[in-house]
Each structure stands twice: as C-alpha cells, then as structure tokens.
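K.L.:
I have a structure here, written as structure tokens, and I will follow up with some questions on it.
The values are calculated or read from the model by the stated rules, or taken from the named source; none is laboratory data. The model shown is predicted, which means the values in this text are computed figures rather than measured ones. We place every Cβ from the backbone using ideal geometry, glycine too, and count neighbours over all the protein chains shown. We work out accessible area using only protein heavy atoms, side chains counted, and drop any ligands, DNA or RNA first. Shrake-Rupley method; radii C 1.70, N 1.55, O 1.52, S 1.80 Å.
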Amino acid sequence: MKKLIIKYPLFKGIDKTLSASLLRRAKRLSVVAGLSVVLFSCQSKDKADDDDDSKVASQTPVSVTTVNDSTLTDYIELNASSTTLQKNIVKSNANGYIEEAYAQLGHNVSKGQLLFTIKTKEAQSIGNTINVLDTTFKFSGVNKIKATAPGYISQLSHQKGDYVADGDQLAVISDRSSFVFIMQLPYELKRYVKTGQNVDLTLPGGVKVKSTVSSFMPSVDTVAQTQGVVLKLSSAQQIPENLVAKARIVKASKTNTTSLPKSAILSNETQTDFWVMKLINPTTAIKVPVKEGITSGDRVEILSPKFSPQDKIVISGNYGLPDTAKVKIVEQ
C-alpha cells in the first residue's frame, strides 16, 4: 500500500501519515455535511411557509348582521278545550216503554220540542180497555217528554222500545249558548290574565278565533296546580266539544326596541351571563356583554349596551370564539 506523508507547519517535527482510505472517508463526510445543510435550509423554508398558512387558517369564517328596531311581543301558549257549561238532562217521568223517540244524536232542538213518548207499563198491559168501557175517561197511558231548554242532543241513552224506570236519563241537551273554551292556567301565571281580557285561540288546522276571559273556576287542580279559565267566544261558530286549541297569553309587548337574532346571543353553561361577538375591524371580533329583554320568535331584545346601526354582530361561526378573535366575513 502506498503511503501519503503530510507535513503540518504548526507542528514542526511531527509527521502524520494517513492512509488513502481514511482520506476517502473524510471526503464522504464533507459531502454528507453539505447535503445536511441544504436539507435543513429547505425544511426551514417549508416551516416558514406553514406558519404563514396557519396564520391565514386561524381566521374563523363568520357571517354578520346589524341591530334592528322591532316590535316584540312576549307570550305564552296554553291548552284550552271546548265544552258546554250548561247541560240539561232529559229524564223519564213514569215506568214504561218508549213508544216513540224523536230525539237524534247531534240534532238541534228547541225548548218545548217533543222528544219521547212513554207508554206506562199498566197501559201496555191492559191496552185501551179503559177508554172503550168509559169514553169520558181521558187517561191514555201515554206520557210526552219535551225539551226543557234549547240546544243539541249530545247524549242519547235510550231508543224506541226500551223499558225505562221513573227518573231514568233518556238524553242530554247541551245548551249552545253556554259553549266556551276552558283554558288550564298555571296558578303562578294568573297575574297575566284578567277578566275581560282578549285571548287569541288557534284551532287545529290553523283557524284563529277571538275570545274573552269570562270567569275563573273556583278550584285548582291538585296535581297540576292549574286553574280553569272560561273563555267566551266573540262570535257564534259551530265548534265541536272536547276540541283542544292553543290560547296565546301576552306577557309583555314593546315597540321600536333594539333586537338581535337569537343566534347572535351566546351564554355560559348556567345561562347567567350573555354576550355577543362584535367586529371592531373587518378581521377582528371582540366579546361584548349584553343584557337581554323580552324574546319573541327568533328575536331577542337588547337592553344594554346601545349598539349603533353600523355595528356588525356575528351570527354564525361565533360559538367558541375567544374574547379577541380573528375572523373572516364570508356572508353579509
């Protein structure tokens, strides 16, 4: 093997001998070191580019709105069922058989209208023998049952040919003039309902009718703690009994008040603190505490602070944003 002798001027008198293979290894190490420097510089550049991209990506896309002057009405909806307060019971006045039944379920009747004829069991047994033997005897053995009040037949208990005893119920006449809705009002809400107050009723199918608070029932349901409120209809309409309608009770109403959509209002877990995200520039939103007023539909009254019509409030993309957040408006 051929040897290479290298002399170092700094160390006079000392000669170091290196083999050719060791020199080749040194060259390889220098090449590897050079490649490492190039790769490190490329990675640094890529990392800088990623940091720039992350800064752009940190802008949360949001949509914004402005405050409006609205008329807001806060109300509650309660169930109200239709019924007739006055029901007249038609009873038998003798023991016997129903000879004719003129009453029909659901038909309207007038006061004094003939409903049933009852032939006593004695007359049924002996027939007309008494009248044949003595023509001056006016007893026929047939009793007539008439309606004592106007209304409609809401219940029919017997038909022609039935045997009935004295005092048995034959039919029930519901007085149409006593037709009302009974609203079940939680007692703690009684302060919102007064006698003579107008109440809007919404029937199944969307039909709306007007009613007035007529009176309050004298008792409260033991379990539900609700009190029946009698609602008298303002106009005569043919509405069946036991129909459940929605009664709207107005709690508060305001006109020309500042409001925002519900989606703009954020709150803590206990819903004791409320705030909105307001834009202070096109890319920055800050947290602004607010005080709520009444709620109507999807609008919420803002009592404080006072926002100007030019203020932009975030309505989507606002959930989870920090106090000062970078945003990007994607929808106006």
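K.L.:
I'm checking my understanding of the structure. Among residues of segment 180-199 that are of a type outside the set (V, I, T) and in contact with a Lys or Arg (Cβ under 9 Å, 6 or more places away or on another chain), which one is nearest to L231 (Cα to Cα)?
P.N.:
Looking at residues that are of a type outside the set (V, I, T) and in contact with a Lys or Arg (Cβ under 9 Å, 6 or more places away or on another chain), I get F181.
K.L.:
Right, another one. Kindly establish whether K328 is open to solvent by 70 Å² or more (accessible area, probe 1.4 Å), in a strand (DSSP E or B) and in contact with a strand residue (DSSP E or B) (Cβ under 9 Å, 6 or more places away or on another chain).
P.N.:
Criteria met by K328.
K.L.:
Tell me whether segment 205-222 contains one or more residues that are among the charged types (D, E, K, R), in a helix (DSSP H, G or I) and within 18 Å of L78 (Cβ to Cβ).
P.N.:
Looking for residues that are among the charged types (D, E, K, R), in a helix (DSSP H, G or I) and within 18 Å of L78 (Cβ to Cβ), one finds none in segment 205-222, hence no.
K.L.:
Further question on the same structure: Being open to solvent by 50 Å² or more (accessible area, probe 1.4 Å) and not hydrophobic (A, V, I, L, M, F, W, C) is the filter here; which residues of segment 279-294 pass it?
P.N.:
N281, P282, T283, K287, P289, K291, E292
Here's the yes/no breakdown for (1) β-branched (V, I, T); (2) open to solvent by less than 10 Å² (accessible area, probe 1.4 Å); (3) modelled with pLDDT of 90 or more:
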| residue | (1), (2), (3) |
| --- | --- |
| S154 | no, no, no |
| Y163 | no, no, yes |
| Q169 | no, no, yes |
| I173 | yes, yes, yes |
| F181 | no, yes, yes |
| Q184 | no, no, yes |
| R191 | no, no, yes |
| K194 | no, no, yes |
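K.L.:
Just give me the residues in segment 111-137 being more than 20 Å from Q159 (Cα to Cα), at pLDDT 60 or above, open to solvent by 60 Å² or more (accessible area, probe 1.4 Å) and assigned to a loop (DSSP other than H, G, I, E, B), in sequence order.
P.N.:
If the condition is that a residue be more than 20 Å from Q159 (Cα to Cα), at pLDDT 60 or above, open to solvent by 60 Å² or more (accessible area, probe 1.4 Å) and assigned to a loop (DSSP other than H, G, I, E, B), then K111 is the only one that fits.
K.L.:
May I ask you to list the residues in segment 54-94 that are more than 25 Å from L189 (Cα to Cα), under 28 Å from the mean Cα position of the chain (by Cα) and of a type in the set (D, E, K, R)?
P.N.:
D69
K.L.:
Return the only residue of T272, T255 being at negative phi, in a strand (DSSP E or B) and either surrounded by fewer than 17 Cβ atoms within 10 Å (Cβ to Cβ) or not β-branched (V, I, T) (or both).
P.N.:
T255
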